[in-house]
Each structure stands twice: as structure tokens, then as C-alpha cells.
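Below: the structure, in C-alpha cells.
The values are calculated or read from the model by the stated rules, or taken from the named source; none is laboratory data. In this text, all values refer to a predicted model and were calculated from it rather than measured experimentally. All Cβ positions, even for glycine, are placed from backbone atoms using ideal geometry, and neighbour counts span all protein chains on display. Please note that ligands, DNA and RNA were not included when accessible areas were found on the heavy atoms of the full protein model with its side chains. Shrake-Rupley method; radii C 1.70, N 1.55, O 1.52, S 1.80 Å.
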Amino acid sequence: DQQVKQNSPSLSVQEGRISILNCDYTNSMFDYFLWYKKYPAEGPTFLISISSIKDKNEDGRFTVFLNKSAKHLSLHIVPSQPGDSAVYFCAATTLGDDKIIFGKGTRLHILP
Amino acid sequence: DVKVTQSSRYLVKRTGEKVFLECVQDMDHENMFWYRQDPGLGLRLIYFSYDVKMKEKGDIPEGYSVSREKKERFSLILESASTNQTSMYLCASSSDATHLHFGNGTRLTVT
């Protein structure tokens, strides 16, 4: 039973355009959501997060949107840069719990 | 900056061998985790620990055990390695169980 779903295994976007990565979750108890970025041969690194009390969080070129009623979140990267080519993992947890549940990841390719 | 160090980047082991994967963190974090990453399956939690000598099963603990004798060190043990345990293993630590700091991973091949 997959609680965090990233239905697009890969995505290609032209440099300078907007990249939109999507994530759905099934567990209504989740109240904190995170995005991690992973380059080959490196561990994932934290990118941005959002609490369920908000519907948007922005950090530079990265914005995460949360739609609680639809159990959907998305990561927007504007403008996309070559260094953004990586695998992006969506993750969710219930604050106070000890576990974070990860999605399967989306590989983002930024095209020159 | 938090540093999570995994002792080996690459390991090749034979089926049936006992394998130890070591992880050390330098930020005095209470929580430590072991994940494996496989293509098409994402990151799956094997075991985690929230204190010395404490351990909890994650989603896929079968075939694995862990040891946490000191706060900074969390070891993953494959009691009898099998080919389906060929994977990338990632250790992580955190102070609050939300923002994980990962090591660079150990790519284990079991032949």
C-alpha cells in the first residue's frame, strides 16, 4: 500500500521554463511534507517542506503547493536550471511520529 | 554542517556472507535510519533507532538487523546476504525525525 505516490517516473523540461513535480498521498494523518533532491552517487538532500496548516511555501526558485482536500502537493521550480537535473523524492510524515514515508521519486532532466 | 559518514562507498559480497554496513554521524542526533534505494521503488525504510540500544522495524526489516551501541554509530547487518539485497543503502540521522541528513550511500552487490 503506497501512501506517497509520485506517478511520473521522469520529466524533461527546457532550461529556463517551469518544472512541476507532482505528488499524491493517501494517509489523511500526514501533516508535514518534504521534498528531497538526489544526485547520482550522493545521498538525498532536503530541499523544501510545508506544514499542513499552510498551502504554499516558497524558497527562492522553489515553491511547494499543498492541496489538502485533494491530498496533493506539487513542487515548482522556476526558472529551471541545468543543476536541477536530479531525482526528486516527495515525503510525508505525521509530526511526532518517527518515520518519514517517501515516494518512488521523479527523475527531472533539464534540457539545454 | 551535519556530516553522516558511511564507511564504504562500494561493497561486493558473496551469497551467504555476513555483511556489516557502518554509519557515523557527528551532530549528536537521537534518530538514525537505514534506507535502501532501488530503481522504481524509491526509498524504503529498513530500521530506525531513536536512542542508544533502541531499534524499531521499518517497512522492510526481513533479512536485516541493526546495532546502536553508541549514539553516533548505527550499524546495519545482513545476517546472510542474498542477491535480492543488492541495492544502494542510505543511512540518515535527524534531531526531529523530519529533516533527515543522509550519507552518500553504500552500493552493495551480492553475487
(request) Grab the strands (runs of 3 or more DSSP E) fully contained in region A:15-84, keeping just those with 2 or more residues being among the β-branched types (Val, Ile, Thr), within 14 Å of chain B (Cβ to nearest Cβ) and open to solvent by less than 60 Å² (accessible area, probe 1.4 Å). (result) A:45-51
(request) Can you work out which of the residues in region B:57-84 that are among the aliphatic types (A, V, I, L, M) and under 19 Å from residue A:98 (Cα atoms) is nearest to the chain's Cα centre (by Cα)? (result) B:76
(request) Scan region B:63-95 for residues that are at the interface with chain A (Cβ under 9 Å from one of its Cβ atoms) and of a type outside the set (A, V, I, L, M, F, W, C) and jot them down. (result) B:94
(message) Can you list residue pairs whose Cβ atoms sit under 6 Å apart, with the first residue in region B:1-19 being modelled with pLDDT under 95 and the second being open to solvent by less than 100 Å² (accessible area, probe 1.4 Å)? Count only pairs 6 or more apart in sequence or on different chains.
(response) B:2/B:27; B:2/B:101; B:3/B:26; B:7/B:22; B:8/B:106
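Could you please find all residues in region B:11-32 being part of a strand (DSSP E or B) and within 14 Å of the chain's Cα centre (by Cα)?
Selection gives B:11, B:19, B:20, B:21, B:23, B:24, B:25, B:31, B:32.
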(message) Restricting to region B:38-49, name every residue that is facing chain A (nearest Cβ under 8 Å) and under 20 Å from residue B:109 (Cα atoms).
(response) B:40, B:41, B:42, B:43, B:44, B:45
(request) Please find, among B:110, B:52, the residue that is away from chain A (no Cβ under 14 Å) and under 25 Å from residue A:94 (Cβ atoms). (result) B:52
(request) Return yes when residue B:7 is farther than 30 Å from residue A:9 by Cα and either of a type in the set (D, E, K, R) or touching a strand residue (DSSP E or B) at 6+ places or on another chain (Cβ under 8 Å) (or both) and no when it is not. (result) yes
(message) Could you go through region A:95-103 and let me know if any residue there is at pLDDT below 95, more than 10 Å from chain B (Cβ to nearest Cβ) and open to solvent by 30 Å² or more (accessible area, probe 1.4 Å).
(response) no
(message) For a quick check of your reading: which strands (runs of 3 or more DSSP E) sit entirely within region B:33-111 and have at least 3 residues that are closer than 13 Å to residue B:21 by Cα and open to solvent by less than 70 Å² (accessible area, probe 1.4 Å)?
(response) B:64-70, B:73-78, B:87-94, B:106-110
(request) Quickly run through region A:1-46 and pick out the residues that are over 18 Å from residue B:37 (Cα atoms) and either without any contact (Cβ under 8 Å) to a residue 12 or more places away in the chain or in contact with a helix residue (DSSP H, G or I) (Cβ under 9 Å, 6 or more places away or on another chain) (or both). (result) A:13, A:15, A:19
